[in-house]
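See below for the structure under consideration.
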Amino acid sequence: MGSNGDSDDIDWSDDEVRTCSSVSSVSVHIPVFTPPTCESSTSGSKINNRFLEMGYPSRVVLKAMEEHGEDDEEAILNAILTYLTLENLPKEENHVSNDPHISDSASTYKEDLSDVGNALESQGQNKYFETMNLLEDMGFQYDEAFTAINRCGLETPIEELVEFIDAAKMGKEDDLQDLQVGLNDAGQSRNGKKQKLSREERWTDTGKRMPLMIGFGVPNVGIKTIHREIPDAGKGPPYFYYENVAYTPKGVWENMSRFLYEIEPEFVDSMHFSAAARKRGYIHNLPIDERFPILPIPPSTIQEALPITNKWWPKWDLRTKLNCILIRHGSAEDTKKIKEELDKSGPDPPEHVRKNVLEQCRKYNFVWVGKNKVAPLDPDEIEVIMGFSKCHTRGGGISTTARYQCLGNSFQVDTVAYHLSVLKKLFPSGINVLSLFSGIGGAEVALHRLGIPLKFIVSVESSETCRNILQSWWEQSNQQGTLIHIFDVRDVTLGKLKELMDMSHGFDLVIGGSPCNNLAGRNRYTRDGLYGDQSSLFFDYFRILDLVKKITVYRGYG
């Protein structure tokens with residue numbers, strides 16, 4: 001992916017927030033509850049069961065239905081969310097309620113609820129509800145979002161809240177094999193009963209279900225798809241492969257799929273290929289049978305990837321996987337506070353200290369480098385985790401900050417190579433590639449590590465730093481083919497493509513991942529979806545791919 005991928009200087013817009021138009025006027029109504037006096041109707045029972053299956057407490061569901069009737073599902077849901085929010089407000093002592101909406105009977109539901117407006121304001125009411133809505137728009141459940149916000153704080157960037165939620169699930173995801181044995185497709189268990197699906201078991205844009213971010217299959221997981229239908233318009237030549245972040249505003253993946261010939265996305269978490277999570281979606285027309293991983297198999301846990309940390313790793317830190325590798329990393333002040341807190345706690349830190357330290361470690365991907373000492377990953381360590389060789393980004397006047405940025409925006413090489421592995425038997429004598437938003441050469445490295453000769457590569461990348469890194473790797477790895485650099489995708493016109501394809505006799509693969517600045521979770525102010533300034537470059541990917549397909553047919557390439 002190009003260097004404009006996950007910029008650390010970007011923020012979110014309010015345009016994609018589901019209820020942003022009403023955030024500034026949020027009001028909290030606390031209903032008066034009375035005991036049920038009659039049995040629920042058939043439709044009410046169905047609604048009741050639906051909310052219970054979603055994981056909401058029965059006591060809250062019943063009270064919401066009693067207050068709002070049995071047919072208004074939206075009002076019931078809003079009431080449930082309100083009650084759960086109120087349950088978790090901080091308790092205050094010696095206060096008297098002035099809220100006229102609260103009657104005496106309300107105290108049977110929530111004791112000592114007074115001055116609710118002030119309590120919410122003290123938490124940053126508008127920001128709280130805005131952040132909750134953003135997380136729910138991304139497909140997270142209410143309790144997941146609520147826990148993340150209250151553990152990490154309202155000032156925590158959205159992307160880090162996402163990674164906190166995912167980190168909490170990693171222990172369960174490590175038991176993937178057991179879960180897969182018990183489930184069939186579409187959430188059915190072997191005994192025919194419906195199973196509750198986690199967020200990773202569906203893609204939120206259309207409701208289609210995808211099992212635990214394994215796409216059409218990953219190594220060492222039994223369930224995999226070996227056949228799919230590609231619409232005629234999407235069939236090669238050329239083959240193409242497009243990547244972007246998995247969690248986007250609603251409808252984005254559906255729109256990208258529509259432009260890319262109605263091909264179904266494949267969602268994969270790189271934790272199945274490396275020691276770090278990296279949830280991405282891929283739209284491609286590659287075959288999906290007979291895939292294979294590149295060798296040697298990379299380390300799959302933190303402890304394997306960074307053995308030097310084992311000596312200092314405390315038993316109460318049960319992490320085996322890192323969160324997604326980001327541009328942003330913790331500061332010296334963050335690591336200093338952790339050491340001071342642990343030094344004061346003695347050899348057996350109390351539970352609240354452990355919890356706080358682990359939250360910080362997950363948030364910033366800190367690893368243990370000494371007694372009570374944590375540190376962020378250095379670029380050399382990130383290179384290995386991302387599937388590159390050490391020093392891939394080092395030297396040539398490249399700063400440490402630039403190395404972090406380039407690596408944070410890159411492909412995870414082992415994941416991409418697994419998908420591209422099917423090309424080895426198709427192009428044994430070499431491959432011609434148009435690499436769009438090529439960044440530091442993740443696609444080129446993946447093909448090289450698969451043993452596919454790189455005959456003719458056109459790399460389109462706006463970052464001079466990334467171009468220099470790719471050029472250096474090309475020379476250091478003794479590539480024998482042709483490498484052409486182009487600065488801007490907008491320079492890839494019809495005429496330029498004809499010229500390049502005449503030189504190469506056509507492209508076999510068009511690969512890339514357009515910038516995700518306006519799609520990614522932590523972009524708080526310019527999360528404008530596909531029509532943001534940076535992420536709208538997706539349409540250049542489609543434009544160029546479609547031109548390549550037309551030229552291929554017209555000139556008889558492929």
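The values are calculated or read from the model by the stated rules, or taken from the named source; none is laboratory data. Everything numeric here is computed off the predicted structure, so don't read it as measured data. Quick reminder, even Gly has a Cβ in these numbers, built from the backbone with ideal geometry, and neighbours come from all protein chains shown. Calculation scope for accessible area: heavy atoms of the full protein, side chains included, ligands and nucleic acids excluded. Shrake-Rupley method; radii C 1.70, N 1.55, O 1.52, S 1.80 Å.
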**Segments 254-263, 271-280 sorted - mean Cβ within 10 Å per residue, highest first** = 271-280, 254-263
**Complete:** Everything considered on the Cα gyration tensor (a ≥ b ≥ c; rounded for a/c under 1.5, else prolate if a/b is larger than b/c, else oblate), segment 231-314 must be described as oblate
**Request:** Return the subset of Lys235/Lys496; Lys336/Lys390; Lys311/Lys371; Lys63/Lys250; Lys321/Lys344; Lys339/Lys363 for which the Cα-Cα distance in this structure is over 20 Å, preserving the input order.
**Result:** Lys235/Lys496; Lys336/Lys390; Lys63/Lys250; Lys321/Lys344
**Prompt:** Once you charge only the Cβ atoms, +1 for Lys and Arg and -1 for Asp and Glu, what is the size of the charge dipole of segment 226-382 about its Cα centre, to the nearest 20 debye?
**Reply:** 600 debye
**Complete:** Protection proxy (average C-beta count within 10 Å per residue), highest first, orders 232-238, 372-378, 361-367, 396-402 as 361-367, 372-378, 232-238, 396-402
**Item:** Linear extension gain, Ser536 paired with Lys250, 0.36 nm per residue minus alpha-carbon span
**Value:** 101.4 nm
**Item:** Residues of segment 397-463: accessible area per residue with a 1.4 Å probe, Å²
**Value:** 24 Å²
**Message:** I'd like the trypsin sites (Lys or Arg not before Pro) in segment 375-416 restricted to DSSP loop residues with at most 14 other Cβ atoms within 10 Å, sorted by number.
**Reply:** Lys390, Arg394
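If the only charges are +1 at each Lys and Arg Cβ and -1 at each Asp and Glu Cβ, what is the size of the charge dipole of segment 386-500 around the Cα centre, to the nearest 20 debye? Before the final figure, lay out each step's value.
Working: 11 positive and 8 negative charges, 54 e Å.
That gives a dipole near 260 debye.
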**Request:** Pop a pseudo-label 7 angstrom from the Cα along the beta-carbon direction at both Lys425 and Glu304 and give the gap in nm to one decimal.
**Result:** 2.6 nm
**Solvent exposure, largest accessible area first (probe 1.4 Å, DNA, RNA and ligands not counted), of Phe539, Phe437, Phe292** = Phe292, Phe539, Phe437
